[in-house]
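Below is one structure, written out as structure tokens; comments come after it.
The values are calculated or read from the model by the stated rules, or taken from the named source; none is laboratory data. No experiment lies behind these values; they were computed from the predicted model shown. Cβ sites come from the backbone with ideal geometry, for glycine too, and all protein chains shown count toward neighbours. Heavy atoms of the whole protein, side chains included, go into the accessibility calculation; ligands, DNA and RNA do not. Shrake-Rupley method; radii C 1.70, N 1.55, O 1.52, S 1.80 Å.
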Amino acid sequence: MPRRLTGFTPSGDLHLGNYIGAIAPIVSRQHTEDTVVFISDLHALTLEHDPAEVRRRTLEFATLLLAAGADPGRSLFLVQSHVPEHTELHYLLECATGYGEAQRMIQFKEKAGRQHQVRMSLLTYPILMAADILLYDADEVPVGEDQSQHVELARDIAQRFNSRYGPTFTIPRAVNPPVAARIMDLSSPDAKMSKSASSAAGALRLLDDPDTLRRKVMRAVTDTGSDVTYDPARQPGVSNLLAILAACTGDRPDELAGRFDRYGTLKKAVADAVVDTLAPVRARYLELADDQPHVQALLRTGAERARAHAAAKVRKAKAAIGLLPA
Ligand code: ATP
Ligand code: MG
């Protein structure tokens, strides 16, 4: 059974795109597939950050994933920094990665270009991401286009390590979600809905209350013309609304298009479907947020289960690369 791994970096607010593209698939597959879910808090330290904010969001993200139905008894469920093997393997993989390879990462170039002071970790975080993946022998990593290059790097590092030092790591591959599972920004539907880049009006946040969700959907940008057709290239705004409705109801976006003749009725149906989907998650979140000891206990258990796997992998990698067993 292929093992899938998904990480959520606690910067910005989790949104409907994360839910549809990542969280809902995790929850529906966790009973039949092997899943690793983690909050990648170390990755949140690669850009200017507020310590209290990272801590708060780490707990918020973990609680939201639990509220959405992630089951730590089924999947490996952990906070990255609670499992020190991530950073331990990171160093070993740095010793199998070229400086030029890290520098070539497009995300690094883009993000570094926007920064005044570039942290060393911004250059090396794709290698930490490789460690996250290789530590658990993940076969598949569902990512958007922006992260595909990092999964490629993880493949290259794994292949190189295995051929130089002996079989140690499973070779992972990126899996891209289908177009209809990619939710776009409501205000600028040419860009994907994003934690870091979307405006407040452009993203439907998992913790937005129902009135806010409805208001945002009703104000979503639509396209010139008034036809309701599913054509992401030519009608990105309407197609995004159809994709959202389809994801919430389990229908197909092109089939749904035929049921609406006006933007107004489509938006009303989308607003209802989004509220029906997210309101129970928010309600469960508020309950769990009131029971911190329970959430903390789940995180402790999650880290312990993850460490059992991670520690064995690091032992193997250390021995392979030439370190004397303790
Ligand atoms: P950032 O802007 O910080 O990169 P993000 O919104 O892209 O944030 P990530 O933490 O990069 O979120 O991704 C978490 C998971 O959510 C990944 O599996 C990613 O593929 C998925 N995801 C992110 N945005 C969308 C979206 N708009 N539609 C569908 N899936 C998405
Ligand atoms: Mg992203």
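The set of residues in region 17-33 that are touching a residue at least 40 places away in the same chain (Cβ under 8 Å) and either within 13 Å of ligand 1 (Cβ to nearest atom) or open to solvent by 30 Å² or more (accessible area, probe 1.4 Å) (or both) comprises Gly17, Asn18, Tyr19, Ile20, Gly21, Ala22, Ile23, Ala24, Pro25, Ile26, Val27, His31.
Residue-wise test of (1) open to solvent by 20 Å² or more (accessible area, probe 1.4 Å); (2) modelled with pLDDT of 95 or more; (3) within 15 Å of ligand 1 (Cβ to nearest atom); (4) within 20 Å of Ala243 (Cα to Cα).
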| site | (1), (2), (3), (4) |
| --- | --- |
| Gln149 | yes, yes, yes, no |
| Asp156 | yes, yes, no, no |
| Pro167 | yes, yes, no, no |
| Val179 | yes, no, yes, yes |
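Which residues, counting only those in region 205-237, are aliphatic (A, V, I, L, M), under 16 Å from Ser188 (Cα atoms) and either open to solvent by 50 Å² or more (accessible area, probe 1.4 Å) or in contact with a Gly (Cβ under 9 Å, 6 or more places away or on another chain) (or both)? Across region 205-237, the qualifying residues are Met218, Ala220, Val221, Ala233.
Quick grid of which residues meet (1) open to solvent by less than 20 Å² (accessible area, probe 1.4 Å); (2) in contact with a helix residue (DSSP H, G or I) (Cβ under 9 Å, 6 or more places away or on another chain):
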{"position": "Leu241", "(1), (2)": "yes, yes"}
{"position": "Ala247", "(1), (2)": "no, yes"}
{"position": "Val274", "(1), (2)": "yes, yes"}
{"position": "Asp290", "(1), (2)": "no, no"}
{"position": "Ala308", "(1), (2)": "no, no"}
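Matching residues to (1) touching a residue at least 24 places away in the same chain (Cβ under 8 Å); (2) loosely packed, with under 15 Cβ neighbours inside 10 Å; (3) touching a helix residue (DSSP H, G or I) at 6+ places or on another chain (Cβ under 7 Å):
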residue: Ser81; (1), (2), (3): yes, no, yes
residue: Ala96; (1), (2), (3): yes, no, yes
residue: Ala102; (1), (2), (3): yes, no, yes
residue: Glu110; (1), (2), (3): no, yes, no
residue: Gln115; (1), (2), (3): yes, yes, no
residue: Leu135; (1), (2), (3): yes, no, yes
residue: Val143; (1), (2), (3): yes, no, yes
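Every residue in region 311-326 that is open to solvent by less than 100 Å² (accessible area, probe 1.4 Å), out of contact with any Ser or Thr (no Cβ under 6 Å at 6 or more places or on another chain) and under 18 Å from Ala96 (Cα atoms), please. The answer is Lys313, Val314, Lys318, Ala319, Ile321, Gly322, Leu323.
The combined condition, being open to solvent by 30 Å² or more (accessible area, probe 1.4 Å), touching a residue at least 24 places away in the same chain (Cβ under 8 Å), part of a helix (DSSP H, G or I) and closer than 15 Å to Phe8 by Cα, is fulfilled by Leu59. For Asp211, the conditions (1) within 20 Å of Lys268 (Cβ to Cβ); (2) touching a helix residue (DSSP H, G or I) at 6+ places or on another chain (Cβ under 8 Å) all hold with the exception of (2).
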